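The values are calculated or read from the model by the stated rules, or taken from the named source; none is laboratory data. Being a predicted model, the structure only gives us computed values, none of them experimental. No Cβ is skipped: glycine too gets one built from the backbone with ideal geometry, and neighbour counts run over all protein chains shown. Surface accessibility is based on the protein's heavy atoms, side chains included, excluding ligands, DNA and RNA. Shrake-Rupley method; radii C 1.70, N 1.55, O 1.52, S 1.80 Å.
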Amino acid sequence: QVQLVVPMTVIFAPGSVPGDLPRPLPFRDVQEMEISVNLRTSVTSRYEMHYRSTTAREEAALAAATAREADAALYPLQDTALGSLTMYVVPETSPLLPQGINVYVGKHRSALVRAGGGLAALQARLREVTQLMSFTASSIAAALSDRVPDGQLGPDARRNLKSSLGYEITFSLLNPDPKSHTVDWDIEGAVNRFVKPVLDKLSLVANFSVDSQILYYAVLGVTPRYDKESSSFLLSAHSLPHVINPVEARLGSSAASLYPVLNFLLYVPERSHSPLYIQDKDGAPVSTNAFHSPRWGGIMVYNIEAPASSQASLPLHVDVDMARVMEVFLAQLRLLFGLSREEVPPEFLLESPGNEGLADWELDHLLWAHTVENIATVSTTLTSLAQLLDKIGNIVIKDDVASEVYRAVASVQSAVTELSLGHLLAAFQASKEAVTCSERAFFDPSLLHLLYFPDDQKFAIYIPLFLPMAVPILLSLAKIVRETRLQKKEPTKMD
């Protein structure tokens, strides 16, 4: 049984303390909630809350003009441990929060919450903020999607990438008509400027490698429909799934990869199908002119403006606006990691993460989900290994395989213990170690069940070999026995 403990500090600014507190500040309180996964599995979430008043320095920081400035000033005064949260309760009339906004979530691990009503109303609001910044029942269910009955999963639960020790990201430029277009893209500069800060932040979660390629004469495999009204070509939503397979056959990156591959494709339409626009399910044009495929990646269509003169020489030289392209690809990358901000209540204001691509609390959100998923993966792997060993009684288990199993069990127990203490980083690292050890043990070449045969197969193989040899041996033995008996019956001659 896994218990997820979130250490929280709730700090009351002057004029924000509810009148119905059970005891004077400071004091501690604990709230628990059970997340049911299936009939046999449930995860307990435990919020350990420490209530106190502001210090003089915190009061000075909260006197800032805007919530963003207050968040920046409060950051050095907070507990910055992964998985921990700090909530600042400000008075109902505080000018820090705009009209109609009750919660401001910063870039780090803190939030400003407007006081309102009594303690029960405040705790309900705090619970909502905490779940957004750490984990929700749906994010845990998505992490344990293999164990959740199909009917109970939301439509986006299987969109997120599975937890892995590494990911490979491939950026591909598809130019199906190089006779008409010469396309230049500064992919190296764009990766260093836009992608690297995000991957540096995500390096705690997994290892990442990035590569790029340009593919010529690579077509989408779906013929777009011509629309007379707009004089353009349209790809409808129901035809988008048919685009992936023909394109993927040309990519060739996932065949030799140890880790999941994320494909981000920039498609420059051929001259005969230009301009090309993507439609959503309602027939409206998609503003980004891009779409993403769950656990695979995304494709963006990049239209080129037709030359003013029809006599323009071909091929046309095109420089890709990488800022516009990378904005779309990074949004798709966030979706693939389950960091969507679409389902945030309207009274919540979330600070933009800026150049880093994701906030500190979003990184924690990812670590919570991946830690739980890793523990479940190790449990499944070791159970499968135990079932295999039970089936084959004469299997030989080497010492190094046994030690990997022991290390996996010890690491997963350590991860569960660290989670129950609220140490998210230590728990995640232990869960990664457990996955590595269990996979090494499971895929050890000496444990291939093809190396071992059931007894009935051994008899079937060896009887045809030994039977021809056994017949003369048995006949000879019978003859020897018969002659021995005859010799015993004959009376011995006496002189």
Point to revise | From Asp71, Asp29, Asp20, Asp79, residue being in the same structural domain as Gln123 (by the TED database), within 24 Å of Gln131 (Cβ to Cβ) and part of a helix (DSSP H, G or I) | key: Asp71
Study note, to complete from the structure: With criteria (1) open to solvent by 20 Å² or more (accessible area, probe 1.4 Å); (2) in contact with a Gly (Cβ under 7 Å, 6 or more places away or on another chain), Val219 comes up short on (2)
**Study point:** Pick from the range 36-59, criterion open to solvent by 10 Å² or more (accessible area, probe 1.4 Å) and among the hydrophobic types (A, V, I, L, M, F, W, C), ranking: modelled with the lowest pLDDT
**Key:** Leu39
Review point. Are any residues in the range 144-163 among the small types (Gly, Ala, Ser) and at pLDDT 80 or above, and if so, which ones?
Key: Ser163
**Study point:** the range 224-243, residues that are assigned to a loop (DSSP other than H, G, I, E, B) and in contact with a helix residue (DSSP H, G or I) (Cβ under 8 Å, 6 or more places away or on another chain)
**Key:** Pro224
**Study point:** The lone exception for Val401 - which of (1) open to solvent by 50 Å² or more (accessible area, probe 1.4 Å); (2) assigned to a helix (DSSP H, G or I); (3) not assigned by the TED database to the domain that holds Leu266 it fails
**Key:** (1)
Check your understanding: Name the pairs whose Cβ atoms lie under 8 Å apart, with the first residue in the range 67-88 and basic (Lys, Arg), the second modelled with pLDDT under 90, and 6 or more positions between them or separate chains?
Key -> Arg68/Gly106; Arg68/Glu351
Practice item. Scan the range 350-393 residue by residue and report those that are in a helix (DSSP H, G or I), β-branched (Val, Ile, Thr) and out of contact with any strand residue (DSSP E or B) (no Cβ under 8 Å at 6 or more places or on another chain). Key: Thr371, Thr377, Val378, Thr380, Thr381, Thr383
Practice item. Take Val435 and decide whether it is at pLDDT 90 or above, open to solvent by less than 100 Å² (accessible area, probe 1.4 Å), farther than 30 Å from Gly83 by Cβ and outside the structural domain of Leu204 (by the TED database). Key: no
Review point. On the given criteria, is Ser239 more than 30 Å from Glu439 (Cα to Cα), surrounded by fewer than 19 Cβ atoms within 10 Å (Cβ to Cβ), in the same structural domain as Val183 (by the TED database) and of a type in the set (Gly, Ala, Ser)?
Key: yes
Check your understanding: Quick one: what pairs do we get from the range 9-23, first residue on the phi > 0 side of the Ramachandran plot, second open to solvent by less than 70 Å² (accessible area, probe 1.4 Å), C-beta under 9 Å, 6+ apart or different chains?
Key -> Gly15/Val90; Gly15/Pro91; Gly15/Ser94; Gly15/Ala115
Point to revise | Qualifying residue in the range 121-133 (condition: part of a loop (DSSP other than H, G, I, E, B) and either in contact with a helix residue (DSSP H, G or I) (Cβ under 9 Å, 6 or more places away or on another chain) or modelled with pLDDT of 90 or more (or both)) | key: no
Point to revise | Given (1) in contact with a Ser or Thr (Cβ under 6 Å, 6 or more places away or on another chain); (2) without any contact (Cβ under 8 Å) to a residue 40 or more places away in the chain; (3) farther than 30 Å from Ser84 by Cα, number of the condition Ile463 does not satisfy | key: (1)
**Study point:** Breaking point among (1) at pLDDT below 90; (2) in contact with a Gly (Cβ under 7 Å, 6 or more places away or on another chain), for Phe329
**Key:** (1)
Exercise for review: Quickly run through the range 188-216 and pick out the residues that are touching a residue at least 60 places away in the same chain (Cβ under 8 Å) and open to solvent by less than 20 Å² (accessible area, probe 1.4 Å).
Suggested key: Ala190, Val195, Val198, Leu202, Val205
Point to revise | In the range 39-55, residue nearest to the chain's Cα centre (by Cα) [restricted to those that are assigned to a strand (DSSP E or B) and among the basic types (Lys, Arg)] | key: Arg46
Point to revise | Condition met for Val219 (under 30 Å from Ser313 (Cβ atoms) and modelled with pLDDT under 90) | key: yes
**Study point:** Condition check for Pro246: in a loop (DSSP other than H, G, I, E, B) and either touching a Leu at 6+ places or on another chain (Cβ under 8 Å) or open to solvent by less than 60 Å² (accessible area, probe 1.4 Å) (or both)
**Key:** no
Practice item. From the list Leu62, Leu97, Leu25, pick out the single residue that is farther than 26 Å from Leu204 by Cα, at pLDDT below 85 and open to solvent by less than 70 Å² (accessible area, probe 1.4 Å). Key: Leu25
Check your understanding: In the set Val328, Val320, which member is under 24 Å from His365 (Cβ atoms), of a type in the set (Val, Ile, Thr), out of contact with any Cys (no Cβ under 7 Å at 6 or more places or on another chain) and in the same structural domain as Phe208 (by the TED database)?
Key -> Val328
Review point. Quick check, is Arg147 within 30 Å of Val43 (Cα to Cα), open to solvent by 70 Å² or more (accessible area, probe 1.4 Å) and in a loop (DSSP other than H, G, I, E, B)?
Key: yes
Practice item. Return only the number of the condition from (1) within 14 Å of Phe233 (Cβ to Cβ); (2) crowded, with 16+ Cβ neighbours inside 10 Å that Pro285 does not satisfy. Key: (2)
